[in-house]
Structure formats: C-alpha cells, structure tokens
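Let me begin by presenting the structure, written as structure tokens, before commenting on it.
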Amino acid sequence: MKLKRSSRLVDMTAYLLRHPQQVISLSYFSERYQSAKSSISEDLTIIKENFESQEIGRLQTQAGAAGGVCYMPYMGLAEVERLLGTLRQQMTQKDRLLPGGYLYMTDLLGKPEYINAIGRLIASVFIDEKLDAVMTMETKGIPLAYAVASQRSIPVVIVRRSSKVTEGSTVSINYISGSSKRIQTMVLPRRSLKEHARVLIVDDFMKAGGTMKGMTSMIQEFGAEVAGMAVLVETKEEQPKLVDRYVSLLKLAIPDRQETPIIENGNVYDWLPKQHVNPTNV
C-alpha cells in the first residue's frame, strides 16, 4: 500500500512496537509501503531519534543481506521513578501485610497498566542480554513472566508443583524452601527447554530465595544457563539470601506492631545502564 510519509511513519512505528526484538528487513518495509529503501532509511532515522528522545527504546540497525532494523524496548529513568513511586504508594496501603511476612499484590498483578510497565522495566535491565526464555513458578509470577517475555518476543516456561498428564514426560527436582526450610518439589516438562538456552528467571516475591535457587537447579538439569534473575518484591531481612546477583524492583521491610508495610526501592538502579542515577527513596 502506498502511503504518505506521515502515515508511513505512524504505521511503521506501530509495527515496530508490536514486534520487539525482531529483526525486520528494509526490503519488507519497502514492499509493505511501496517505497524506496532510501526513503525507508530516512523514516527509520526519524523514528530512532524519537524513540531515544522519549526514552522508550532503541532502534538498532544490522547491516548485511540478513540485516534490518530491530526495536529494543527500554524504560527511561523518569518513567522508572514514576513507576516505582506508584507501586510503593499502592503497596503501602493498610492491611496488605499477610501472615508469614508476605505481601498482598494480586490486585496489582492483575492490572495491565502495572504489569506491562513492570515487564518493560525488567526487560530494560536485560536489554543487552541474549535471552531464549523467561521462567517462573506458578502461579502469581505467571503474568509478570509473560509481561517480560512479550517485550523480548520469547516463550514463557512455567515450573509447577506437580506434573500434569497434558504436559508429557517431566523432570522433577526437590529443593529446600528458604523460609520454611521444608523440602518441596518442582516439575518441568522435558520439552520446555533446549540445551544451552539462556533463561531469565522472574518471580513476584522472594523471601529467602529458595524458589529462585530451585529454578536455578532446574535450569541446570536441562543443560541450560541462567542469564539473570529478577523479582518484583524481596523482603528486607538480615540473613543472606540463597541466591545472589538478582534484580529486585522493591524491598519490603516488615514493621513491628504495624499493619502498614514499609516499601523501599530495591537494587534495580544498580542494574540499569550507567546513565541512570540512583535517587533517594520517596
């Protein structure tokens, strides 16, 4: 279809946003809009400058016969601060603390505007990492994992507590829960991961890190590799976690004799690109 430049820019931008982390050839755009590759290149330069000025992503070009352009989602510092500030405000509402030191977040994880933004933030942290899959533990981590995976156009791998007949043969491992110190089981279908796959582990909440460590062991059973770990909220406890080198967006401090939780920023600013500066908690 032949379009004016203004219409072409809008459609091309929308297409790139719908296909993150996918290399799209200039020939495809040239045929789609019935325009010369030189015109397409000029359009992409405009889009690239806009993406970078608005801090919504990178537009990376790849030369060669198999090359093209790739949109890499990204969240700028100002938006990071707004998102974390909003989440802190929501999570410090009265009565969110649950027995056992947990935090009620189901309502927040069910809101697309929050979960999609969280997914883009986590994707920003790992923007330069090669990722083949996102792994999470059932059940509340599932929407978060899908939000991250959608920003990278990669599959989600869900670890379960028990096997299901519809998933075929499975791999089962035992792991020790970091908080309860009990032996628990996790199961993953054999077809879920390929050998040497680079996997990002994502979860909604972490106390001592037992589940994260269990998923790390599961990945190793498949001959795959842990590319990173990210959690929405971790607890602020004195004892060391069972895992290290993980990204946390927020941190929960359990107050004494209070019903209102204390939420602080996690270590996410330490993992973002160097141009970000760690602000004080608000």
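Laid out as a table, the results:
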{"read-out": "Boolean, GLU55 is open to solvent by 80 Å² or more (accessible area, probe 1.4 Å) and acidic (Asp, Glu)", "value": "no"}
{"read-out": "Among residues of the range 95-114, those that are more than 20 Å from TYR146 (Cα to Cα), open to solvent by less than 80 Å² (accessible area, probe 1.4 Å) and part of a loop (DSSP other than H, G, I, E, B), counted", "value": "3"}
{"read-out": "Residue count for the range 41-60, restricted to those that are under 19 Å from ARG18 (Cα atoms) and outside any strand (DSSP E or B)", "value": "13"}
{"read-out": "Per-region count, the range 80-103, residues acidic (Asp, Glu) and in contact with an Asp or Glu (Cβ under 7 Å, 6 or more places away or on another chain)", "value": "1"}
{"read-out": "Qualifying residue in the range 224-238 (condition: over 18 Å from the mean Cα position of the chain (by Cα), among the polar types (S, T, N, Q) and open to solvent by less than 10 Å² (accessible area, probe 1.4 Å))", "value": "yes"}
{"read-out": "Residue count for the range 61-94, restricted to those that are surrounded by 14 or more Cβ atoms within 10 Å (Cβ to Cβ) and part of a helix (DSSP H, G or I)", "value": "12"}
{"read-out": "Cβ pairs under 8 Å, 6+ apart, first in the range 98-111 and under 18 Å from LYS236 (Cβ atoms), second among the polar types (S, T, N, Q) and surrounded by 11 or more Cβ atoms within 10 Å (Cβ to Cβ)", "value": "GLY100/SER179; GLY101/SER179; GLY101/THR235"}
{"read-out": "Residue, most open to solvent (accessible area, probe 1.4 Å), within the range 145-163, restricted to residues that are in contact with a strand residue (DSSP E or B) (Cβ under 7 Å, 6 or more places away or on another chain) and assigned to a loop (DSSP other than H, G, I, E, B)", "value": "ARG161"}
{"read-out": "Listing of strands (runs of 3 or more DSSP E) fully contained in the range 171-241 that carry 2 or more residues being farther than 24 Å from ILE118 by Cα", "value": "183-189"}
{"read-out": "Test for TYR102: is it in contact with a strand residue (DSSP E or B) (Cβ under 6 Å, 6 or more places away or on another chain) and either modelled with pLDDT of 95 or more or farther than 19 Å from PRO273 by Cα (or both)", "value": "no"}
{"read-out": "Conditions (1) farther than 14 Å from LEU9 by Cα; (2) outside any helix (DSSP H, G or I); number of the one not met by TYR28", "value": "(2)"}
{"read-out": "Selection within the range 11-52 - closer than 26 Å to GLY119 by Cα, among the charged types (D, E, K, R) and surrounded by 13 or more Cβ atoms within 10 Å (Cβ to Cβ)", "value": "ASP11, LYS48, GLU52"}
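Residues checked against (1) in contact (Cβ under 8 Å) with a residue 24 or more places away in the chain; (2) under 17 Å from GLU237 (Cα atoms):
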residue	(1), (2)
VAL171	yes, no
ILE176	yes, no
ARG182	no, no
HIS196	yes, no
VAL202	yes, no
MET206	yes, yes
GLY210	yes, yes
GLY214	yes, no
MET218	yes, no
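The values are calculated or read from the model by the stated rules, or taken from the named source; none is laboratory data. Quantities reported herein were computed from a predicted structural model and do not represent experimental measurements. Note that each Cβ is placed from the backbone with ideal geometry, even for glycine, and that neighbours are counted across all protein chains shown. Each accessible area value is taken on the protein alone, full model and side chains, heavy atoms only, with ligands, DNA and RNA left out. Shrake-Rupley method; radii C 1.70, N 1.55, O 1.52, S 1.80 Å.
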